[in-house]
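To start, the structure under review is shown below, and the notes come after it.
The values are calculated or read from the model by the stated rules, or taken from the named source; none is laboratory data. This is a predicted model, so every value here is computed, not measured. Here Cβ is always computed from backbone atoms with ideal geometry, including for glycine, and neighbour counts include all displayed protein chains.
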Amino acid sequence: MNAGLSVHCVDVAHGRVAEGLSVSLYRLGADGEPAGAPLASGRVGTSGAWTDPVLTGPQITAGGYEVRFDVGGFFRRLGVALPDPGFLEVVVYRFHVTDAAQHFHLPFKFTPWGFSLFRGGA
């Protein structure tokens, strides 16, 4: 059985969920680098969660993954003045699923200048 992934994003600079943040999920190949096109990509919804059927589907098996968060684009769309390029543009988070029967929750908290990413409880 596959328990999948969940991703929740919070813009702590403004104290709200990161509605509209662009996110992509890649599978890592044997060389540890992303293998091809994203498994899923989209935007965070009004609840702060990024939902996509792939995240809880059979595509999530044991192996390496990379999630990319477009932090620079998110803050520019909000009208936040950033240097060009911004301190953070795309935040990359690589992790490994060792037991696909477990659920992997990925809380992402960020500002234009820093972030926190970890495996949370879910």
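In this structure, does Arg94 turn out to be surrounded by fewer than 16 Cβ atoms within 10 Å (Cβ to Cβ), touching a residue at least 60 places away in the same chain (Cβ under 8 Å), farther than 15 Å from Val10 by Cβ and not polar (S, T, N, Q)?
Values: surrounded by fewer than 16 Cβ atoms within 10 Å (Cβ to Cβ): yes; touching a residue at least 60 places away in the same chain (Cβ under 8 Å): yes; farther than 15 Å from Val10 by Cβ: yes; not polar (S, T, N, Q): yes.
For Arg94, the condition - surrounded by fewer than 16 Cβ atoms within 10 Å (Cβ to Cβ), touching a residue at least 60 places away in the same chain (Cβ under 8 Å), farther than 15 Å from Val10 by Cβ and not polar (S, T, N, Q) - is met.
Go over the candidates Leu39, Leu28 one by one and state the one that is surrounded by 16 or more Cβ atoms within 10 Å (Cβ to Cβ), of a type in the set (A, V, I, L, M) and over 18 Å from His105 (Cβ atoms).
Details: Leu39 fails: over 18 Å from His105 (Cβ atoms).
From the options Leu39, Leu28, the qualifying one is Leu28.
Rundown of residues vs (1) modelled with pLDDT of 95 or more; (2) more than 18 Å from the chain's Cα centre (by Cα), yes/no style:
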| site | (1), (2) |
| --- | --- |
| Thr56 | no, no |
| Arg68 | yes, no |
| Phe74 | yes, no |
| Ala81 | no, yes |
| Asp84 | no, yes |
| Tyr93 | yes, no |
| Ala101 | no, yes |
| Phe104 | no, no |
| Phe108 | yes, no |
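Within the stretch 26-42, how many residues turn out to be without any contact (Cβ under 8 Å) to a residue 24 or more places away in the chain and assigned to a strand (DSSP E or B)?
Of the residues in the stretch 26-42, 3 are without any contact (Cβ under 8 Å) to a residue 24 or more places away in the chain and assigned to a strand (DSSP E or B).
Would you be able to tell me the number of residues in the stretch 44-71 that are outside any loop (DSSP other than H, G, I, E, B) and touching a residue at least 24 places away in the same chain (Cβ under 8 Å)?
Going through the stretch 44-71, the residues outside any loop (DSSP other than H, G, I, E, B) turn out to be 49-50, 53-56, 63-71.
If we keep only those that are touching a residue at least 24 places away in the same chain (Cβ under 8 Å) as well, we get 49-50, 54-56, 63-71.
Residues flagged as outside any loop (DSSP other than H, G, I, E, B) and touching a residue at least 24 places away in the same chain (Cβ under 8 Å) within the stretch 44-71 amount to 14.
Identify, please: which residue in the stretch 2-16 is within 18 Å of Arg76 (Cβ to Cβ) and out of contact with any Phe, Trp or Tyr (no Cβ under 8 Å at 6 or more places or on another chain) and is, among those, surrounded by the most Cβ atoms within 10 Å (Cβ to Cβ)?
Residue satisfying both the conditions and the ranking: His14.
Give the number of residues within the stretch 4-13 that are more than 14 Å from Phe115 (Cβ to Cβ) and outside any strand (DSSP E or B). Spell out the reasoning first.
Keep residues of the stretch 4-13 that are more than 14 Å from Phe115 (Cβ to Cβ), which gives 4-6.
Pick out the ones that are also outside any strand (DSSP E or B) and you get 4.
Residues meeting the conditions: 1.
Checking Phe118 against (1) over 13 Å from Leu5 (Cβ atoms); (2) modelled with pLDDT under 95; (3) buried (at least 17 other Cβ atoms within 10 Å of the Cβ); (4) of a type in the set (A, V, I, L, M, F, W, C), only one condition comes out false. Which one?
Only one criterion is unmet by Phe118, namely (3).
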